[in-house]
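A.B. asks: My questions will all concern the structure given below.
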Amino acid sequence: MMNLMSQPTVDILLLLNTFNDPETITKLSARYGHYTSPEYQNDLIKTIASSTRKNIIEKIAFTRAYSILVDETKDVSKKEQLSFIVRFVDGNLNIHEKAIGCYHMKKCDAYTLSQEILNIAVHNKLDIQKCVAQCYDGASVMSGLFSGVQKRIVDIVPHAIYIHCHAHRLNLCLVNTIQNNNIVVDFFDTVQSLYKYLMNGHTRYELFMKIQRDEKLKEIHLERLVETRWSYWHSSLKKIQIRYSEIKDVLKVLAVQDDQAARAIGLLEEISTFWFILILYIMEQILSTIHCLSCQFQCSTILLPKAINLVTSTKNQLINLRSEENFTYIYNEAKICAIKNQVTIEKEEEFIRLRKKYEPSKKFEDFFIMSTLGQAGTKQAKHNGKNVKTDVLFNVIDR
């Protein structure tokens, strides 16, 4: 390794067989030095990138057909970058997804984006007429039926069908599922607050790590919730579930000695209820069922028929979660956790009892009743365990 690093940059390029840019090779050959200046490094990166793209294009030549996957996002310098990926089959019928590059976009309207996609194809010697599909997110600028990027590409390449990214659709579906459920929204607010409090403060973070080390446990870092990455939600709940006892311990310590003791006391009170534990186990069970589908959607080799079968299978699994047997199992697991951590279980029998059907007065026979007032609307009733099955488990699954 040391001998390789001591050779001139030209020798490295020859070793990689990447010298398809004569101007760069001439510049490098005419110099002498350590080859660590920004200009030298950029020349080397540019040459290697050019060779990599050339190899990708040569593999596409087998079928001469490909699909494109495009997305845009801001980098760390707040510049909008367009990522361009091609999906194709090689000579051995293996499926590939290869990144061609990221391109700085000064404007992100449909016309500019579509023109940039066409320019990238031309620059990399990709025949745009061989493009059979285009995959973007569901933003109107990309998916618009009349003037979106996909419509502008279809006007040029009629057979390039547009497919909304299935992984992105799943994330949007799951996020929208809980937005109107105040109980679940409040629960995830607590989860996010827990992450911010413990992970964003160095002293609090070190204390959390120390408690795990003292218990001879593997050090686990809590994860934040990212709206576009549903897998983070699952792993976040799973980690809280695994380290629930240690989280309570660190909050007890911080409630006494931290400079933000009030936050520690508030979080400790919120998570030290059977209501919180039960929702934690319910949502973890639901998200673990969906997590497999989410991971498969992000696999580069997945095919559309398999994706459809996975969606159908996941739907059936979610329907099965509505069973009394499954709820009893989740309840018993949550109960074990509560007993282990000395959390009081109030009115235990009501957690597994269905809500009684409300029969309105005969005076309202000519009216359509959408909701009722009284105990059902109080904070106490909100945390009454008899609602958890219908208001959390059934509500989230049925959406």
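A.B. asks: Can you give the local net charge around Ala65? Use residues other than it whose beta-carbon is closer than 11 angstrom to its beta-carbon, Lys and Arg +1, Asp and Glu -1.
C.D. replies: Every neighbour counted, the sum reads +2.
A.B. asks: Taking a probe of 1.4 angstrom, what is the accessible area of Val184 in Å², to the nearest 10?
C.D. replies: Here the residue's solvent-accessible area equals roughly 0 Å².
A.B. asks: Follow-up. Top to bottom by accessible area (1.4 Å), largest first, where do Ser236, Ser323 land?
C.D. replies: Ser323, Ser236
A.B. asks: Once you charge only the Cβ atoms, +1 for Lys and Arg and -1 for Asp and Glu, what is the size of the charge dipole of the range 103-204 about its Cα centre, to the nearest 20 debye? Please report the intermediate quantities before stating the final value.
C.D. replies: On the way: 9 positive and 7 negative charges, 46 e Å.
For the range 103-204, the charge dipole is close to 220 debye.
A.B. asks: Past 23 Å, Cα to Cα: identify those pairs from Lys196/Lys238; Lys74/Lys306; Lys74/Lys107; Lys46/Lys98; Lys315/Lys340; Lys216/Lys252, in the order given.
C.D. replies: Lys74/Lys306; Lys315/Lys340
A.B. asks: So, one more: Taking the Cα atoms of the range 131-185 alone, what are Rg (to one decimal) and Dmax (as a whole number) in Å?
C.D. replies: Cα-based Rg and Dmax for the range 131-185 come out at 14.7, 49 Å.
A.B. asks: Spelling out what I want: for every residue of the range 314-331, take phi, set θ = phi - 60°, compute 6.51 cos²θ - 1.76 cosθ + 1.60 (Karplus), and round to whole Hz; glycine and proline get x.
C.D. replies: 3J(HN,Hα) across the range 314-331, in whole Hz: 5, 4, 5, 5, 5, 5, 5, 5, 6, 5, 5, 4, 5, 5, 4, 5, 4, 4.
A.B. asks: Hey, another quick one. Counting other Cβ atoms within 10 Å, which chymotrypsin sites (Phe, Trp or Tyr not before Pro) in the range 125-167 have at most 13 and lie in a DSSP loop?
C.D. replies: Taking the range 125-167 and a limit of 13 other Cβ atoms within 10 Å, the loop chymotrypsin sites (Phe, Trp or Tyr not before Pro) found are Phe146.
The values are calculated or read from the model by the stated rules, or taken from the named source; none is laboratory data. Since we're looking at a predicted model, the values are computed, not measured. Don't worry about glycine lacking a Cβ; one is built from the backbone with ideal geometry, like all the others, and counts go over all protein chains shown. In case anyone asks, the SASA skips ligands and DNA or RNA and just uses the protein heavy atoms, side chains included. Shrake-Rupley method; radii C 1.70, N 1.55, O 1.52, S 1.80 Å.
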